[in-house]
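Readers should treat all values here as calculations from the given coordinates under stated rules, not as data from a laboratory. This one's a predicted model, so the numbers in the text were calculated from it and none came from an experiment. Please note: Cβ atoms are built from the backbone with ideal geometry, for glycine as well, and neighbour counts cover all protein chains shown.
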């Protein structure tokens with residue numbers, strides 16, 4: 001285990017192979033590795049298998065662009081900027097995307113098992129719900145639980161009797177170990193130590209569970225600095241394989257203490273996501289119409305970006321107009 005390699009955004013996307021299983025940092029519209037998502041789309045990756053606690057704007061971009069074959073999660077949307085994942089839903093209805101449904105906490109349980117190096121996680125989460133109805137095991141219905149893919153367990157779950165304290169039935173949720181964790185972080189040290197500001201969600205567990213990790217960071221900082229307050233860090237450098245320095249790399253999702261969610265951009269994207277024709281037009285402008293992240297930022301413009309920029313003390317923009325009660 002050495003120091004992670006510093007690479008470019010294009011090189012990072014080039015590491016992803018068709019059919020790879022991906023998981024992500026962040027939560028709905030916060031700290032998603034969007035710049036890397038755009039580049040994955042530009043490079044035409046196909047048949048990707050996504051596993052995530054919940055989906056968000058990144059999921060919708062990948063699904064709308066035809067990059068996704070399998071999606072396992074509990075929910076997808078853009079919070080108050082768009083409640084429903086239109087692209088993913090369209091792909092599911094048209095039979096282009098296999099969707100495997102879990103509760104939010106069951107997704108966390110599967111990631112925890114992967115992070116702990118366990119084959120499964122024992123729990124009682126969401127027992128008695130239709131999530132466990134065998135008729136809704138979509139990977140099995142597609143014939144994909146035959147053991148040929150090491151990333152797909154041969155069963156969606158198992159129910160066993162507690163052999164130790166006779167406390168009834170327990171649900172065993174299989175571990176997830178994605179090929180790649182794509183992480184957006186506030187800072188990363190020169191030797192790979194990862195720091196995020198504000199909520200950390202399941203980022204630590206996702207990093208530990210994945211086979212390989214790419215960290216897209218707002219800034220790369222001296223390792224001596226980032227180790228001075230280790231309690232603020234979520235992962236050590238030995239857990240990271242590649243790092244990319246990419247300011248504004250989470251846009252249009254937000255990065256606490258750096259910039260707010262771009263509400264107008266997200267609303268416009270959600271509107272465009274409601275039909276494939278409108279999505280394709282949006283992608284032609286915002287994904288394929290720029291050749292790099294730098295061109296994307298130029299297109300957004302300094303005025304727009306500075307409006308989103310967070311106050312360094314408050315952690316959020318003090319110039320964005322917000323709702324009132």
By how many degrees, between 0 and 90 and to the nearest 10, does the Cα long axis of helix 104-116 differ from the longest principal axis of the chain?
-> 90
Contact order relative to length of the chain, as percent, for alpha carbon pairs under 8 angstrom and 6 or more apart = 21
Using alpha carbons only: equivalent-ellipsoid semi-axes of the chain, gyration tensor based, whole Å = 31, 24, 19
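As a test of the formula, what do you get for the chain when each DSSP H run with n ≥ 4 contributes -39,500 (n - 2.57) and the sum is divided by the residue count, at 222 nm and rounded to the nearest 500 deg cm²/dmol?
Rounded to the nearest 500, it is -8000 deg cm²/dmol.
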Once both axes come from the Cα atoms, what is the angle between helix 263-272 and the longest principal axis of the chain, in degrees from 0 to 90, rounded to 10?
-> 60
Proxy exposure order for 265, 258 (fewest C-beta within 10 Å first) is 265, 258
The stretch 72-150: relative contact order as a whole-number percent, Cα under 8 Å and 6+ apart = 27
Residues 293, 251, sorted so that the one with the fewest Cβ neighbours within 10 Å comes first = 293, 251
Normalised by the number of residues in the stretch 130-179, what is the relative contact order in percent for Cα pairs under 8 Å and 6+ residues apart?
-> 25
Note the full-extension length gain between residue 211 and residue 159 as 0.36 nm times their separation in residues minus their Cα-Cα distance, in nm to one decimal.
-> 16.0 nm
Quick one: Cα centre-to-centre distance for the stretch 236-288 and the stretch 214-233, in angstrom?
-> 23
One would report the Cα pair-distance distribution of the stretch 46-138, bin width 10 Å, in %, as 16, 45, 32, 7
What order do you get for 24, 197 when you list them from fewest to most C-beta neighbours inside 10 Å?
-> 197, 24
Using 0.36 nm per residue, how much length does the chain from residue 136 to residue 318 gain when fully extended, once their Cα-Cα distance is taken away?
-> 60.9 nm
If the label point sits 7 Å along Cα→Cβ of residue 169, residues of the stretch 111-150 with amide N under 17 Å come out as 122-137
Give the peptides 83-93, 295-305, 104-114, 54-64 in descending order of average Cβ contacts within 10 Å, highest first.
-> 54-64, 104-114, 83-93, 295-305
